[in-house]
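Please read the structure below before turning to the comments.
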Amino acid sequence: MAAGHVSGLLRRAGWWAADYAYAGLGQLRATTRRRSARDFQDGRLAPIVVIPGVYESWRFLTPLVVALHDRGHPVHVVEPLRHNRRPFGEGAEIVARLLEERDLHDVVLVAHSKGGLIGKRMMSATAAASRVRGMVAIATPFGGSRYARFLAVPTLHAFSPRNAAILALARETEVNRRIVSVYARFDPHIPEGSELPGARNVVIETGGHFRVLAHPRVIAEVAAFSEPSPG
């Protein structure tokens with residue numbers, strides 16, 4: 001086996017291990033931190049609605065929420081999603097109701113993994129779509145993941161590239177131009193990657209599905225998308 005191939009495998013194994021370590025710490029943090037969602041709803045810049053991934057509560061994304069709020073954004077979290085096990089369509093309607101109930105406009109969605117599928121569905125097929133400026137999606141399986149075909153749990157099997165909801169979302173191309181897809185060069189959960197035709201695709205030269213949430217480029221892309229240019 002060539003030395004370069006071995007080096008590549010070791011690098012990916014290291015990324016994989018670091019990714020799960022980050023995820024484990026994130027889930028631990030989510031169970032121990034108890035700041036209220038209301039703490040983040042004030043701010044002078046564009047409102048942001050954060051949508052977590054599957055099996056993640058909004059608290060898993062607390063570092064991202066805090067960083068965006070510190071920049072001056074009112075940040076809203078979708079507490080009724082809980083750990084985000086519902087089908088994409090149901091999740092999209094829950095997000096839409098939050099926007100309507102709080103009368104939010106010019107919203108920027110910031111979504112992780114499954115959250116990006118929910119966000120795209122919300123932008124494509126709900127009455128609240130006009131309230132959204134666009135979305136920054138992080139490590140989202142827009143084309144599904146071939147690993148999901150081998151998972152018996154319905155919540156995870158839904159990410160199969162053959163799933164009807166995934167295929168239907170892929171046909172909804174009009175909103176893609178309002179989406180920024182940010183993802184790592186290597187994602188252990190999405191071997192196909194997160195490239196979305198027609199969107200702004202940002203590839204980060206690292207590996208991971210969870211750890212990429214902490215990369216400075218994520219905040220930079222949200223800022224570029226949602227904040228006025230200096231001067």
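In the context of the full set of protein chains, residues of the chain present 48 Å² of accessible surface per residue (probe radius 1.4 Å, heavy atoms only). Taking every alpha-carbon pair under 8 Å whose residues sit at least 6 apart, the range 147-231 reaches a relative contact order of 21 percent. Backbone phi angles across the range 150-162, fed through the Karplus curve with coefficients 6.51, -1.76 and 1.60 (θ = phi - 60°), yield HN-Hα couplings of 9, 9, 7, 5, x, 4, 8, 4, 4, 8, 4, x, 8 Hz in residue order; Gly and Pro are listed as x. The local environment of V202, defined by Cβ-Cβ distances under 12 Å, has a net charge of 0 under the rule Lys, Arg +1 and Asp, Glu -1.
Grouping the Cα pair distances of the range 71-176 into 10 Å bins from zero gives a pair-distance distribution of 15, 50, 28, 7, 0 percent in increasing distance order.
Rounded to the nearest whole Hz, the Karplus-based 3J(HN,Hα) values (6.51 cos²θ - 1.76 cosθ + 1.60, θ = phi - 60°) of the range 51-64 follow the sequence 10, x, x, 5, 6, 10, 8, 4, 5, 4, 9, 3, x, 5, with x at glycine and proline.
Amide H contacts for T206 (H built 1.01 Å from N in the peptide plane; partners 5 or more residues away or on another chain; cut-off under 5 Å): R185, F186.
Over the chain, what percent of the accessible surface lies on carbon and sulfur atoms, probe 1.4 Å? Answer for the chain is 54 percent, counting heavy atoms of protein chains only.
Give me the net charge of M135's neighbourhood, meaning all other residues with Cβ under 14 Å from the Cβ of M135; Lys, Arg count +1, Asp, Glu -1.
The answer is +4.
Potential lengthening of the chain between A18 and R162 amounts to 48.8 nm, from the contour at 0.36 nm per residue minus the alpha-carbon distance. Residue-wise HN-Hα couplings along the range 167-181, as the Karplus relation 6.51 cos²θ - 1.76 cosθ + 1.60 with θ = phi - 60° gives them from phi, are 5, 5, 5, 4, 7, 8, 9, 4, 7, 4, 5, 9, 10, 10, 9 Hz; Gly and Pro carry x. Extending 7 Å from the Cα toward the beta-carbon at both E100 and R71 defines two label points whose distance is 2.9 nm.
Within the full protein context, the accessible area of R217 is estimated at about 90 Å² for a probe radius of 1.4 Å.
The local environment of S145, defined by Cβ-Cβ distances under 15 Å, has a net charge of 0 under the rule Lys, Arg +1 and Asp, Glu -1. Taking amide H positions as modeled 1.01 Å from N, with prolines and chain starts lacking one, the residues under 5 Å from S181 and 5 or more places away or on another chain are A137, R200, N201, V202.
The values are calculated or read from the model by the stated rules, or taken from the named source; none is laboratory data. These numbers were taken from a predicted model, which means no experiment stands behind them. Neighbour counts are summed over all protein chains in view; Cβ atoms, including those assigned to glycine, are modelled from backbone coordinates with ideal geometry. Heads up: the accessible areas ignore ligands, DNA and RNA and are worked out on the full protein's heavy atoms, side chains in. Shrake-Rupley method; radii C 1.70, N 1.55, O 1.52, S 1.80 Å.
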